[in-house]
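Peer 1: This is the structure I want to talk about, given as structure tokens.
No lab work stands behind these numbers, since they all come straight from the coordinates. Bear in mind that the values here come from a model prediction, so they are computed numbers and not experimental data. Because the Cβ atoms are built from the backbone with ideal geometry, glycine has one as well, and the counts that use them run over all protein chains shown.
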Amino acid sequence: MLHVEDLNIEFHDHIIPETVVYDFDLDIESGEIVGLVGESGSGKSMSALAIAGLLNRHDARKKGSIVFEGIDILNCPREILRSVQGDKISMIFQEPMTSLNPVKKIGWQVEEALRIHTDMNKEERKQKALEMLKEVELDDPERIYRSYPHQLSGGMRQRVMIAAAMINSPKLLIADEPTTALDVTVQAQIVSLLKRINKEKGTAILFISHDLSLVRQLCKRVIVMKSGYIVDSGETEEIFSNPKHEYTKNLISSIPQVKLD
Amino acid sequence: MKILKKIVSSILVVLVVSTLVFVAFSVIPGDPAVAKLGTMATPEQLENLRQAMGLTDPLPVRYVHWVLGVLQGDFGTSYSYGIPVTDLIADKLPVTVTMAIISMFIMIVLAVVLAIYSAYHEHSLLGRAIGVINQVIMSIPPFFGGIIITLIFGLTFKLFSPGGYISYDINLGKFIGYMIWPAIAIALPKASMAYSLLLSGLIGEKKKDYVRTAYSRGNSSKAVFYRHILKNACIPVITFLGMAFADMIAGTLVIEQVFGIPGLGMILLTSIQNRDYPVVEAIIVCIAVLVIFSNLLVDILYKVVDPRTR
């Protein structure tokens with residue numbers, strides 16, 4: 001479904017060009033959950049933004065190919081890219097506090113992708129949005145629908161983001177550190193919500209995180225990045241039990257272990 | 001509820017302003033009776049006139065008397081013109097208000113249109129040129145802008161006759177034709193400030209996280225701009241509008257001198273010279289009410305645009 005090959009991302013917004021991703025390869029089949037792990041600055045978010053078609057075309061130069069269901073994300077006309085964004089590929093972000101427009105009602109924002117990609121009328125859109133809000137386990141969807149972002153907690157906002165991203169039942173959901181800004185109990189809830197969505201809707205998920213234990217819970221396959229390079233990739237359990245690269249070993253050994261006497 | 005509170009506090013502010021104005025004009029040196037009769041008048045004549053003007057009563061009594069009158073729309077009688085102040089002002093107030101409103105309108109249209117253009121074409125030649133010209137215009141005070149406008153549009157292109165004026169009750173269209181030029185002079189420096197404010201808002205908002213979210217849903221740049229960025233970028237400008245309106249009212253008082261328009265500014269000046277306190281007090285109270293009312297409107301607008309302030 002998604003095939004990324006030899007992706008190189010270079011930024012030209014400074015005097016000296018800077019490469020942030022080298023030779024990135026990734027395949028995702030429909031219904032799969034793939035983890036992308038690495039520290040800040042390892043290039044994982046940049047790769048994700050490139051796949052979602054959200055890298056600014058002016059500043060970033062990209063080599064290689066990103067093909068999603070036969071569409072060349074890197075070089076296709078913008079109209080084609082837009083017709084995929086929010087419809088077949090959706091994305092949720094690290095900062096639920098700032099990723100929603102502060103002056104628009106939640107309902108309006110959840111419905112937005114429907115307004116752009118379907119011919120549904122106002123009433124149909126509202127019904128669908130309320131359905132989605134319920135699906136992401138928000139209580140009292142009617143009230144949430146009429147609320148503004150600042151009236152909701154971080155966890156609720158991330159659920160709203162998921163509802164908005166999932167409203168057109170996309171083939172691929174890119175989740176860029178969706179739980180990093182949330183506290184631990186909410187993290188676990190969001191992860192199990194993503195797991196459920198994947199199971200029920202068959203949406204493939206690219207789950208980006210620096211939290212290995214979350215990745216282990218959620219992903220069958222994992223890719224480890226460091227300084228722009230992929231240093232390890234394979235089945236999650238395989239990587240955990242038999243890490244090839246020194247960096248992966250360090251990452252795994254840095255997961256705090258709870259010892260029970 | 002908050003708005004009701006705001007209305008009540010606005011009324012209180014008007015009351016405080018009126019008290020200050022009344023007390024201030026009662027304690028500053030200068031005697032209206034002397035101003036009217038001249039220094040050659042005999043003490044008896046002055047005393048008689050003071051009595052006739054009601055200046056011999058103690059201050060609190062005069063104040064209560066004045067406030068009760070104001071509440072009924074009676075600002076007393078002008079010392080120098082001898083007619084009720086209310087009539088005098090009711091005739092001139094529309095000039096000031098019309099000019100300020102036209103000026104406000106011109107400012108908003110110019111700032112919004114140009115800021116949107118510049119935000120869209122941030123790096124284009126014209127976008128940069130607007131930025132430079134804007135810096136120049138920002139530093140032109142209205143009275144000077146008024147002179148330049150008179151010179152270019154009045155004397156050279158003959159679009160209006162400088163010094164001419166037609167009252168609104170004679171021909172409304174021509175009256176507005178005469179109001180537009182001074183309004184432009186007042187609006188230009190304010191428009192350039194509003195432009196800078198809106199432009200930096202627009203450019204700042206472009207980099208916000210919610211913009212990326214909007215793109216991820218398949219919005220075009222245009223849709224992102226008009227549906228997401230614009231409303232957010234307007235929030236800081238709204239606060240500015242309230243201040244700008246107050247400044248514009250003050251600006252009309254000066255600019256009408258440049259254009260020879262008989263408005264509140266002219267009566268205000270002569271009344272201050274003649275110690276015609278009822279007129280001065282009435283004008284100040286009217287302007288205070290206008291400014292406070294416009295601030296109230298801005299507060300309401302603010303709450304409409306930004307849900308976080310509700």
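Peer 1: Pick out, from B:Pro141, B:Ala24, B:Leu88, the residue whose Cα sits farthest towards the positive end of the charge dipole of chain B, with +1 on the Cβ of Lys and Arg and -1 on the Cβ of Asp and Glu.
Peer 2: The residue sitting most towards the positive pole is B:Pro141.
Peer 1: Tell me, in nm to one decimal, what length is gained between A:Phe240 and A:Asp13 on full extension, where the rule is 0.36 nm per residue of separation less the Cα-Cα distance? List each step's numbers first, then the result.
Peer 2: On the way: separation 227, 0.36 × 227 = 81.72 nm, distance 3.80 nm.
Length difference between fully extended and current span is 77.9 nm.
Peer 1: Could you give the size of the charge dipole of chain A about its Cα centre, using +1 on the Cβ of each K and R and -1 on the Cβ of each D and E, expressed in debye and rounded to the nearest 20? Could the numbers behind the result be given before it?
Peer 2: On the way: 32 positive and 39 negative charges, 141 e Å.
Result for chain A is approximately 680 debye, rounded to the nearest 20.
Peer 1: Work out how much length B:Val305 to B:His121 would gain on full extension: take 0.36 nm times their residue separation and subtract the Cα-Cα distance, in nm to one decimal. It would help to have the intermediate numbers written out before the result.
Peer 2: Values: separation 184, 0.36 × 184 = 66.24 nm, distance 2.58 nm.
Extra length available between B:Val305 and B:His121 comes to 63.7 nm.
Peer 1: Could you compute how fast the stretch B:201-283 diffuses translationally, taking Rh as the Kirkwood radius over C-alpha pairs and applying Stokes-Einstein at 25 °C with viscosity 0.890 mPa s? Give it in µm² per second. Kindly include the intermediate steps, with their values, before the conclusion.
Peer 2: Numbers: Rh = 16.4 Å.
Using the Kirkwood radius from Cα pairs, D works out to 149 µm²/s.
Peer 1: Taking a quarter of the surface of the convex hull around the Cα atoms of the stretch B:92-266, what do you get in nm²? Present the calculation step by step, with values, prior to reporting the outcome.
Peer 2: Details: hull surface 44.4 nm².
Mean shadow area of the hull around the Cα atoms is 11.1 nm².
Peer 1: Still on this structure: Send over the per residue convex hull volume for the protein assembly as shown, Cα only, as a whole number of Å³. Write down the numbers at each step before the final one.
Peer 2: Working: hull volume 134.4 nm³, N = 571.
Convex hull of Cα atoms, per residue: 235 Å³.
Peer 1: OK, next. Pairs A:Lys44/B:Lys206; A:Lys63/A:Lys104; A:Lys105/A:Lys226; A:Lys199/B:Lys206; B:Lys174/B:Lys222: which are spaced more than 29 Å apart, C-alpha to C-alpha? Could the numbers behind the result be given before it?
Peer 2: Details: A:Lys44/B:Lys206 23 Å; A:Lys63/A:Lys104 37 Å; A:Lys105/A:Lys226 39 Å; A:Lys199/B:Lys206 36 Å; B:Lys174/B:Lys222 40 Å.
Correct reply: A:Lys63/A:Lys104; A:Lys105/A:Lys226; A:Lys199/B:Lys206; B:Lys174/B:Lys222.
Peer 1: Still on this structure, I have one more. What does the charge add up to near A:Asp25, with Lys and Arg as +1, Asp and Glu as -1, over the other residues with Cβ less than 11 Å from its Cβ?
Peer 2: Charge balance near A:Asp25 sits at -4.
Peer 1: Rounded to the nearest 0.05, what FRET efficiency do A:Ser40 and A:Lys134 have when you use their Cβ-Cβ distance and R0 = 22 Å? The partial results should precede the final answer.
Peer 2: On the way: r = 35 Å, r/R0 = 1.59.
Once the sixth-power term is evaluated, E becomes 0.05.
Peer 1: Rounded to two decimal places and with Rh computed the Kirkwood way over Cα pairs, what is Rg over Rh for the stretch B:39-122?
Peer 2: On the way: Rg = 23.3 Å, Rh = 17.2 Å.
Result for the stretch B:39-122 is an Rg/Rh of 1.35.
Peer 1: Let me ask something additional. Can you list residues from other chains, or at least 5 along the same chain, whose modelled amide H is less than 5 Å from the amide H of B:Thr77?
Peer 2: B:Val85
Peer 1: Need one number: % antiparallel among DSSP beta bridges in the protein assembly as shown, to the nearest 5.
Peer 2: Details: 24 of 43 bridges.
Around 55 percent of the beta bridges assigned by DSSP in the protein assembly as shown are antiparallel ones.
Peer 1: How large is the dipole of the stretch A:105-259 about the Cα centre if only Lys and Arg carry +1 and Asp and Glu carry -1, each at its Cβ, rounded to the nearest 20 debye? Could the numbers behind the result be given before it?
Peer 2: Working: 23 positive and 21 negative charges, 8 e Å.
Rounded to the nearest 20 debye, it is 40 debye.
Peer 1: With a/c under 1.5 counting as rounded, go ahead and sort chain A into rounded, prolate or oblate using the C-alpha gyration tensor (a ≥ b ≥ c being the square roots of the eigenvalues; past the cut-off, prolate if a/b is larger than b/c, else oblate).
Peer 2: Working: a/c = 1.81, a/b = 1.24, b/c = 1.46.
Because a/c hits 1.5 or more and a/b fails to exceed b/c, chain A counts as oblate.
Peer 1: While we're here: How many angstrom lie between the C-alpha centres of the stretch B:26-77 and the stretch A:60-112?
Peer 2: The distance from the Cα centre of the stretch B:26-77 to that of the stretch A:60-112 comes to 74 Å.
Peer 1: Let me know the charge dipole size of the protein assembly as shown about its Cα centre in debye, to the nearest 20, where only the beta-carbon of Lys, Arg (+1) and Asp, Glu (-1) is charged. Mind dumping the intermediate values first?
Peer 2: On the way: 55 positive and 56 negative charges, 129 e Å.
Using only the charged Cβ atoms, the result is roughly 620 debye.
Peer 1: Next question, about the same structure. Under a crude label model (7 Å from the Cα following the beta-carbon direction), how far is A:Asp27 from B:Lys222 in nanometres?
Peer 2: Reported label-point gap for A:Asp27 and B:Lys222 is 4.1 nm.
Peer 1: Same structure, new question: Give me the mean projected area, in nm² to one decimal, of the convex hull enclosing the Cα positions of the stretch A:1-140.
Peer 2: Details: hull surface 42.5 nm².
Seen from a random direction, the Cα hull of the stretch A:1-140 projects 10.6 nm² on average.
Peer 1: Now a separate question. Considering every residue in A:99-107, what mean count of other chain Cβ atoms within 10 Å of its Cβ is obtained?
Peer 2: Details: counts 8, 4, 12, 8, 11, 7, 1, 0, 0.
Mean partner shielding for this stretch: 6.
Peer 1: Please state, to two decimals, what the Cα-based radius of gyration of chain B comes to when divided by 2.2 N^0.38 Å (N = residues). Mind dumping the intermediate values first?
Peer 2: Details: Rg = 24.0 Å, N = 310, 2.2 N^0.38 = 19.5 Å.
The reported ratio for this selection is 1.23.
Peer 1: Taking every residue in A:146-153, how many Cβ atoms of other protein chains lie within 10 Å of its Cβ, on average?
Peer 2: Working: counts 0, 1, 4, 3, 4, 3, 0, 0.
Mean inter-chain Cβ contacts per residue within 10 Å come to 2.
Peer 1: Net charge near A:Arg216, counting Lys/Arg +1 and Asp/Glu -1 over other residues with Cβ under 12 Å of its Cβ? Can you show the working numbers first?
Peer 2: Values: positive: A:Lys220, A:Arg221; negative: A:Asp211, A:Glu235, A:Glu237, A:Glu238.
Within the 12 Å Cβ shell, the charges total -2.
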